[in-house]
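Here the structure is laid out as structure tokens; the discussion comes afterwards.
Derivation of every value follows stated rules applied to the coordinates shown; laboratory data play no part. Because the structure is predicted, anything quoted here is derived from the model rather than measured. Ideal geometry is used to build each Cβ from the backbone, glycine not excepted, and the neighbour counts take in all protein chains shown.
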Amino acid sequence: MLIDFHAHIGNLDREGYPERPALTAEALIDRMNRLGIDMACLLPLESPEGGWGYCLTEEVVAARDEYPERFVAFCCVDPRYPKAERLIDVFVTRYGCKGFGEHVNSLAFDDPLNKRLYAKCAEHGLPVVFGDDLGTFDEPGLPRLEACLREFREVIFCGHGPGFWAAISADDDRRATYPTGPVKPGGALERLLENYENLYCDLSAHSGYNAMTRDPEFALAFVQRWWSRLLWGTDYCLVGQETPHTEWLRSLPVAEEIKEAIGSENARRVLRLDMAPEGRHG
């Protein structure tokens with residue numbers, strides 16, 4: 001089984017429309033069928049910094065309800081929304097959302113408004129998928145992420161994006177979006193993985209792929225050390241987008257047990273997919 005832990009639908013290239021049409025649920029399923037992907041987590045984008053367009057939680061819930069065997073619905077709320085916590089309650093208890101994200105905004109990762117959301121995710125057992133895009137989310141060494149990993153130990157934080165993955169190398173200064181060349185051992189990312197069991201790594205997008213291919217020898221050892229906390233995904237969001245992640249996983253020279261964990265079993269555990277059926281609640 002193969003679960004794409006990070007996918008989107010919607011019109012996320014508004015400047016390119018209509019030459020680049022919106023990505024529909026049907027188009028995403030067609031791509032999944034061609035690549036052998038069984039399920040995908042749909043992540044809404046509800047903060048203006050989250051992308052080139054918006055995709056509301058209600059839209060991914062509707063897609064999940066139409067294709068309950070193929071999609072898992074996440075919820076997302078901008079932390080500046082006055083009723084953010086109540087809205088998370090509604091999305092979980094009434095609509096059965098399984099995760100929170102994609103969480104990305106212009107606030108610091110440990111801003112009090114963001115921490116309100118993490119506390120609510122802790123109540124519901126929601127993993128948080130965040131995208132650190134080298135904005136103001138964090139700093140070199142990821143101290144703001146560490147503060148939240150320590151304070152909200154019951155929340156699984158799933159890191160993603162250039163700022164997060166650049167921290168795989170000890171020489172990261174958060175200046176390079178997609179660093180190249182050898183990884184210097186001792187990076188902040190590995191230190192956090194060693195110290196906090198609630199940190200997971202989202203392998204999607206070019207940031208995750210770059211981290212796994214810029215230094216193949218280091219990456220293979222990294223996978224062998226941390227495979228139980230790696231989540232395979234693509235971050236497919238634009239029609240025609242290239243995502244080499246499927247071939248990367250299938251060609252990875254590790255035991256099939258490790259591939260299965262990265263490709264689906266870790267996601268099933270994090271999302272507690274066996275605990276309740278997907279579909280409309282309430």
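Annotations
- The orientation-averaged projection of the convex hull spanning the C-alpha atoms of the stretch 142-267 amounts to 7.8 square nanometres.
- Per residue, the average separation of C-alpha pairs within less than 8 Å and at least 6 apart gives the chain a relative contact order of 19 percent.
- Residue by residue, the stretch 48-57 carries 3J(HN,Hα) couplings of x, 7, x, x, 9, x, 10, 9, 6, 4 Hz when phi is fed to the Karplus relation 6.51 cos²θ - 1.76 cosθ + 1.60 (θ = phi - 60°); x denotes Gly or Pro.
- Computed from the alpha carbon atoms alone, the convex hull of the stretch 149-203 holds 80 Å³ per residue.
- Using θ = phi - 60° and Karplus 6.51 cos²θ - 1.76 cosθ + 1.60, couplings along the stretch 63-74 (whole Hz; Gly, Pro as x): 5, 4, 5, 6, 10, x, 7, 10, 10, 10, 8, 9
- Theoretical FRET efficiency, 1/(1+(r/R0)^6), r = Cβ-Cβ of residue 265 and residue 17, R0 51 Å, to 0.05: 0.85
- Between 261, 156, 6, the Cα set farthest toward the positive side of the dipole of the chain (charges on each charged residue's Cβ, about the Cα centre) is that of 156.
- Inter-part distance where the stretch 90-151 and the stretch 49-71 are each reduced to a Cα centre, Å: 19 Å
- Around the amide H of residue 103, modelled in the peptide plane, lie the amide H atoms of 129, 130, 131, all under 5 Å away and 5 or more residues distant in sequence or on another chain.
- Length gained on full extension, residue 89 to residue 153, computed as 0.36 nm times the residue gap minus the Cα-Cα distance: 21.0 nm.
- Only Lys, Arg, Asp and Glu carry charge here, each on its Cβ (+1 for the first two, -1 for the last two); on that basis the chain has a dipole of about 420 debye about its Cα centre.
- Taking 4.7 Å between beta carbons as the limit, the unpaired Cys residues of the chain are 41, 55, 76, 121, 148, 158, 201, 237.
- Spin-label model distance (nm) - residue 119 vs residue 247, 7 Å beyond Cα toward Cβ: 4.8 nm
- Whole-number D in µm²/s for the chain (Stokes-Einstein; Kirkwood sum over Cα pairs; 20 °C, 1.002 mPa s): 115 µm²/s
- Dividing the alpha-carbon radius of gyration of the stretch 77-165 by the rule-of-thumb value 2.2 N^0.38 Å gives 1.02.
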